[in-house]
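Chemist: Starting off with a structure, shown below.
The values are calculated or read from the model by the stated rules, or taken from the named source; none is laboratory data. These numbers were taken from a predicted model, which means no experiment stands behind them. Here the Cβ is made from the backbone with ideal geometry for all residues, glycine too, and neighbour counts use every protein chain on show. These accessible areas exclude ligands, DNA and RNA; they are computed on the full protein's heavy atoms, side chains included. Shrake-Rupley method; radii C 1.70, N 1.55, O 1.52, S 1.80 Å.
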Amino acid sequence: DTAWTEAAALDDVPQDDVVGVTVAGRDVALYSVEGEVFATDNLCTHGNARLCDGFLEGHEIECPLHQGRFDVRDGSALCAPLTQGLRTYPVRIEQGKVYLQID
Ligand code: FES
């Protein structure tokens, strides 16, 4: 039994860019890629950097601190210095709002 939590208005997630939001007390990054929205933890798994301050290119988010890259679709770590993937959250869009499965 899984609840969906409202995270943002769809209009607040800029096209082909990333934004940081707080959802259920968590720091979450929302990405819009080619009209689809993805969600991951916002804090980099390598250090104290927020991915919403990074650079999104296609489905890859580059950390602003040491340029580690993650795939926003599954959170996988794509290159050094990253050794650990990011947690991702299922996304649902309904009536112009972004909902996450988060607990
Ligand atoms: Fe993100 Fe080092 S803190 S790559």
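Chemist: Could you tell me which numbered condition ASP17 fails, if it satisfies all but one of (1) touching a Phe, Trp or Tyr at 6+ places or on another chain (Cβ under 8 Å); (2) open to solvent by 20 Å² or more (accessible area, probe 1.4 Å); (3) within 13 Å of the ligand (Cβ to nearest atom)?
Modeler: Only one criterion in (1) touching a Phe, Trp or Tyr at 6+ places or on another chain (Cβ under 8 Å); (2) open to solvent by 20 Å² or more (accessible area, probe 1.4 Å); (3) within 13 Å of the ligand (Cβ to nearest atom) is unmet by ASP17, namely (3).
Chemist: In the stretch 44-78, which residue that is away from the ligand (no atom under 12 Å from the Cβ) and of a type in the set (A, V, I, L, M) is surrounded by the fewest Cβ atoms within 10 Å (Cβ to Cβ)?
Modeler: Result: LEU56.
Chemist: Can you find a residue that is assigned to a strand (DSSP E or B), more than 10 Å from the chain's Cα centre (by Cα) and among the charged types (D, E, K, R) anywhere in the stretch 21-38?
Modeler: yes
Chemist: If you don't mind, another one. When residues of the stretch 79-103 are filtered for being open to solvent by 40 Å² or more (accessible area, probe 1.4 Å) and within 16 Å of the ligand (Cβ to nearest atom), how many remain?
Modeler: Counting residues in the stretch 79-103 that are open to solvent by 40 Å² or more (accessible area, probe 1.4 Å) and within 16 Å of the ligand (Cβ to nearest atom) gives 5.
Chemist: Please work out which one of (1) away from the ligand (no atom under 14 Å from the Cβ); (2) open to solvent by 10 Å² or more (accessible area, probe 1.4 Å); (3) not basic (Lys, Arg) is the condition SER32 fails and give its number.
Modeler: The single condition SER32 does not satisfy is (2).
Chemist: Let me ask another. How about the stretch 67-103: which of its residues are closer than 14 Å to LEU43 by Cβ, in a loop (DSSP other than H, G, I, E, B) and touching a Ser or Thr at 6+ places or on another chain (Cβ under 7 Å)?
Modeler: Of everything in the stretch 67-103, those that are closer than 14 Å to LEU43 by Cβ, in a loop (DSSP other than H, G, I, E, B) and touching a Ser or Thr at 6+ places or on another chain (Cβ under 7 Å) turn out to be GLY75, LEU82, GLN84, GLY85, LEU86, ARG87.
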